1. When both residues are 6+ apart or on different chains and their Cβ atoms are under 7 Å apart, which pairs have a first residue that lies in region B:203-227 and is more than 9 Å from chain A (Cβ to nearest Cβ), and a second that is in a helix (DSSP H, G or I) and among the charged types (D, E, K, R)?
2. Only one of A:R80, A:R102 is within 16 Å of the chain's Cα centre (by Cα) and basic (K, R); which?
3. Exactly one condition in (1) more than 11 Å from chain B (Cβ to nearest Cβ); (2) in contact (Cβ under 8 Å) with a residue 12 or more places away in the chain is false for A:G199; which is it?
4. Report, by residue number, each residue of region B:55-87 that is farther than 30 Å from B:T179 by Cα and either within 11 Å of chain A (Cβ to nearest Cβ) or not hydrophobic (A, V, I, L, M, F, W, C) (or both).
5. Hey, can you tell me all the residues within region A:118-141 that are of a type outside the set (V, I, T), under 19 Å from A:E96 (Cβ atoms) and touching a Ser or Thr at 6+ places or on another chain (Cβ under 7 Å)?
6. Looking only at region B:93-118, count how many residues are aliphatic (A, V, I, L, M), in a helix (DSSP H, G or I) and either within 7 Å of another protein chain (Cβ to nearest Cβ) or in contact with a Gly (Cβ under 8 Å, 6 or more places away or on another chain) (or both).
7. Looking only at residues in region A:188-221 that are surrounded by fewer than 22 Cβ atoms within 10 Å (Cβ to Cβ) and hydroxyl-bearing (S, T, Y), which one is farthest from A:I279 (Cα to Cα)?
8. Taking region B:7-59 on its own, how many of its residues are farther than 30 Å from A:A97 by Cα and assigned to a helix (DSSP H, G or I)?
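The values are calculated or read from the model by the stated rules, or taken from the named source; none is laboratory data. Nothing here was measured: the structure is a model prediction, and the numbers come from that model. So basically every Cβ, Gly included, is an ideal-geometry build from the backbone, and we count neighbours across all protein chains shown.
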Amino acid sequence: MSVTAPSTPAVRRAWAPYLLSAPALLLFAGVVLIPIAMTVILSFHDWGQYKGIEPVFILKNWREIIDDSYFHEMFLRTLRISVLVTLIAAVFGAPEAYILNRMRNPWKGIFLLVILGPLLISVVARTLGWALLFGGETGVINKALLNLGVITAPIPFMFTETGVVIALSHVLMPFMVLSVWAGLQRLDPQVENAALSLGASHATVLRRIVLPQVMPGILSGSIIVFALAASAFATPAIIGGRRLKVAATLAYDEFLNTLNWPLGAAVASLLLVALVVIIVGCNRLVERRYAQVFQ
Amino acid sequence: MSRNGPLALAYHTLFVAFVLAPIVIVCIVAFTPEGFLSIPTERFSLRWFRAIAQYPEFIEAFWNSVWLAALSSAIAVGFSVPAALAIARHDFRGREAMTALFLSPLMVPHVVLGIAFLRFFTQIGLGGTFVGLVLSHIVVVFPFALRLVLSSAVGMDRAVENAAVSLGATNVAVFRRITLPLILPGLASGWALAFIQSFDEVTMTVFIAAPGTVTLPVRMFLYIQDNIDPLVTSVSACVIAVTTVFLVVLDRIYGLERLLVGRGQQEGV
């Protein structure tokens, strides 16, 4: 080895991680960061029916979103739907994860597959199922209930907020079960048994032992479900249709029907910023509150 | 381990019914002999499955989806291997930020990505092309590929590599003959998960697919927006059947929980 050699391996080791990740980093810089930056810039451009996109810097689109009550309604609806879906997923998904975790083995595996499997099945196919069950007079359940004389008019589902909330809860439910279930795996069943043997009732054990320990799982599941519900597109587009728009379908309409790209870009940028603020904020809160559980 | 009471089991039954109802109804209605949406009461018919053959746009979209998913997942896995090795084995400045960047497609709404790609690809002349679709899908499935490759790279025993080095193996030989075979299960499952994610992606793709490059979920989505009929139901039933087979195979080979949760935290419990 030459005299200068000793420094070379160390230098090479220092550079190694950057060299190894360089291809992926370049890809992400080129295909994620630049396009998103371009979208944010696009939201400040002007647009006219005949002149198309004009590359100037104006606040017109942002002002329109902030001032126009049409956009307020849309974003409030998106928020309302996301909050409801998150609550439904937490209230119904968490107990199911707990029950699943107490099952014996062949059943545990089978039902875990049944409940988590739909995550990988096309969202379009799953939403179509809801349209088949409740869609207007052709909906299978509506038709059956009408024939039985239980109802006189079909239960409104398509083009209603209730319909979007139920279908989205179904689509996103597995994320909540998965998150709570993962949290339950860290729980030592002996603690539960200890509490029982010391005379605690089942209700007390649930409230004082199980719930505090699965809370981080419920909260991180809630963050995931909320984020996905707020940005959901296919389900609100199919169930809500053109009449019941949310942020994502609004951006889609501006882009592909009205062709007002700058305004669509502003809607998308606002959605992105709002979500990042909410997610990062909630993550901070959850981590601070439950710091000891995450260790 | 304690058992669930009757109340818990009743709840569980209702829950499973809720989860399965929309999926099962698609598969049942697909067999209707009628020309409209209905539950087949007297007999099952393959009429609407045969009808798919007369709609080449579904067949074409299916093959577009398969090629797109296979190609973009393979490239994503290729990019993720060196990145995963860097994250798993080195402690360096910017490691956290870099990991966050690589996982960001999970957090950025797909609508935003779709809009960003539409603008970007139109500007650089890739609008509506297959190359554009592949590039966008690589990025979107990258987090899934990275997570599984990373967990196999972290769990790997490095003593074997050290032994090879001490016996005089070159870096290339160590990687090709030791490292790669050891992380191969992670690569395979990462590819499979990425494949499904790409195959199902609709929100982003709907913005950037042109008539010739439309994928199956996008074709189904556009069709449903116009009208819902037994044809799109039988196409959906086929998608559900194929995905379910894929799912059960993956579960047998790798374990669905490990695939979705990330690490095999649950082993001995």
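1. B:R219/B:E57
2. After applying the criteria, what remains is A:R80.
3. Only one criterion is unmet by A:G199, namely (2).
4. Passing the criteria: B:Y55, B:P56, B:E57, B:E60, B:N64, B:S65.
5. Once the filter is applied, which keeps residues that are of a type outside the set (V, I, T), under 19 Å from A:E96 (Cβ atoms) and touching a Ser or Thr at 6+ places or on another chain (Cβ under 7 Å), region A:118-141 yields only A:L120.
6. We begin by selecting, within region B:93-118, every residue aliphatic (A, V, I, L, M); these are B:97-98, B:100-101, B:103, B:106-108, B:111-113, B:115-116, B:118.
Narrowing the set further to residues that are in a helix (DSSP H, G or I) leaves B:97-98, B:100-101, B:103, B:106, B:111-113, B:115-116, B:118.
This time we only want the ones that are either within 7 Å of another protein chain (Cβ to nearest Cβ) or in contact with a Gly (Cβ under 8 Å, 6 or more places away or on another chain) (or both), so: B:98, B:101, B:111-112, B:115-116, B:118.
Within region B:93-118, residues that are aliphatic (A, V, I, L, M), in a helix (DSSP H, G or I) and either within 7 Å of another protein chain (Cβ to nearest Cβ) or in contact with a Gly (Cβ under 8 Å, 6 or more places away or on another chain) (or both) number 7.
7. Within region A:188-221, the match that is farthest from A:I279 (Cα to Cα) is A:S197.
8. Of the residues in region B:7-59, the ones farther than 30 Å from A:A97 by Cα are B:29-59.
Keeping just the survivors that are assigned to a helix (DSSP H, G or I) gives B:29, B:47-52, B:56-59.
Residues meeting the conditions: 11.
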